[in-house]
Structure formats: C-alpha cells, structure tokens
Amino acid sequence: MENINNDVPQHQPYRNEKVFNSGKTALELNYSETNGSVNLILAGPLASKPGAFDWTGQKAFSTKLSDDEVIALCMAFLRLTHEAVLKDKKTKHHNKQVYKNVKVTFDGKSTAMMEGGVVAINKDERDINFIHKISIDPAACLRLGLFLLSVILARNPGVPSDAVLTCMRLNANA
C-alpha cells in the first residue's frame, strides 16, 4: 500500500509523555534512544511558582525502568492487567539508600491511580520518605500505554505490534 503522506517524521532521539493533575502532581515518561533508557518521573507542585512542578527537587520521584517494568506498566496502562506493582527497588535518592515503589491500580474504575514513593532503608533517614499520587484519565492511560508499547517495539525490531500485544494478553491471563 502506498503512503500518500509526503511528510517524513523526523527521527527523535528523545521522546516523552506528560500527564498533569490539577496542579497537585505531574507524571512524565521519557525515552532516550541515546542510552536506551525509559525514565519515570513524578513531581509535586513547586511552592515558589503556582501551577509549576518541582521536577528536580528533594521530593521529585525519578527512576529508570527495566525492560520488565516497562512491560508491566504498558500492560496496566493498556488495561491488559488490573495493576502494576514495582516494589522495593533498591537504589539511591539524593545520595541516600532507599527503596522506590510504584503502583498503578484501577479498582474497578476507568481512571487509573498511580502512586510512586521513596522509603529510606536506614530508619534514621525517614525524613526523606514521601509518596506522590496522580489520577490518570482513560485517554492519558492510553497515551502512556501506547508510548511504552512504542518503546517495546523499538527494542524488538521486526516483531509486529499485534504479536507483542497477543503475548501480553496471554501473559496477563496466565
């Protein structure tokens, strides 16, 4: 079949999707082809500027996602599973040892709820503990799911999207 669209999309080494929630929390998924990483960032409001978000501060949640985590979140956002849980991911947050946790649930609703937080491993450093929650509407869930699916497809060239989705469905029902 001939492509009648003469506009050739520009190759983008960096892509992202963002979701904002009433000035309370913002979510970003980004993908860098340079290093092949997918990052999840949750940010709370920036106190000094109403309507803006603190993407890099002490309470910003940021984590690099593994291939399995990308698949788990993709399956949840595309509603192939009822939830995705990334639990006790041992890492550092501002030079302190922490566990990072992410959970996406639907609880019988069309809107997803994502929670992402940091828990200090050392009990004496509990002051760094925090959690962000963001409600994600169905259209945004679809955008996020398709974004993650595009990453999976880019990492598996030659595998058709319907084959990937069929594998995900079979895995979800196993």
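Please treat every number below as a calculation from the coordinates, not as lab data. As the structure is a computational prediction, the values presented were derived from the model and not from experiment. Positions of Cβ are generated from backbone atoms using ideal geometry, with glycine treated the same way; all protein chains shown enter the neighbour counts.
Some observations on this one:
- Relative contact order, percent, the chain [alpha-carbon distance under 8 Å, six or more residues apart]: 17
- Amide H contacts under 5 Å for residue 129: 120, restricted to partners 5 or more places along the chain or on a different chain, H placed in the peptide plane at 1.01 Å from N.
- Amide proton proximity set for residue 52, modelled H, under 5 Å, gap of 5+: 46
- Order of 91, 25 under a 10 Å beta carbon neighbour criterion, fewest first: 91, 25
- Projecting the Cα atoms of 32, 84, 131 onto the charge dipole of the range 17-173, computed from C-beta unit charges around the Cα centre, puts 131 farthest toward the positive end.
- Among residues other than residue 62 with Cβ under 10 Å from its Cβ, the summed charge is +1 (Lys and Arg +1, Asp and Glu -1).
- Among 116, 156, 94 the positive-end extreme of the charge dipole of the range 88-174 (Cβ point charges): 94
- A full extension of the chain between residue 129 and residue 66 corresponds to an added length of 20.4 nm, given 0.36 nm per residue minus the alpha carbon distance.
- Hydrodynamic radius (Kirkwood) for the range 49-116, which is based on Cα pairs only, to one decimal in Å: 13.5
- Residue 46 versus residue 174: modelled label distance in nm, points set 7 Å from Cα along the beta carbon direction: 4.4
- Derived scalar couplings ³J(HN,Hα) [the range 59-67; Karplus, 6.51 cos²θ - 1.76 cosθ + 1.60; whole Hz; x for Gly, Pro]: 9, 7, 9, 9, 8, 7, 8, 6, 4
- For residue 93, the amide hydrogen comes within under 5 Å of the amide hydrogens of 98, counting only partners 5 or more places away or on other chains and with H modelled in the peptide plane.
- Stokes-Einstein D in µm²/s, Kirkwood radius over Cα pairs - the chain at 37 °C with 0.692 mPa s viscosity: 189
- About the Cα centre, charge dipole magnitude for the chain (Lys/Arg +1, Asp/Glu -1 at Cβ), debye: 580
- Neighbourhood net charge (15 Å Cβ-Cβ; Lys/Arg +1, Asp/Glu -1) for residue 15: 0
- Filter on 49/90; 49/92; 100/123; 49/109; 49/89; 59/109 - keep pairs with C-alpha separation over 26 Å: 49/90; 49/92; 49/109; 49/89; 59/109
- Theoretical FRET efficiency, 1/(1+(r/R0)^6), r = Cβ-Cβ of residue 110 and residue 156, R0 41 Å, to 0.05: 0.90
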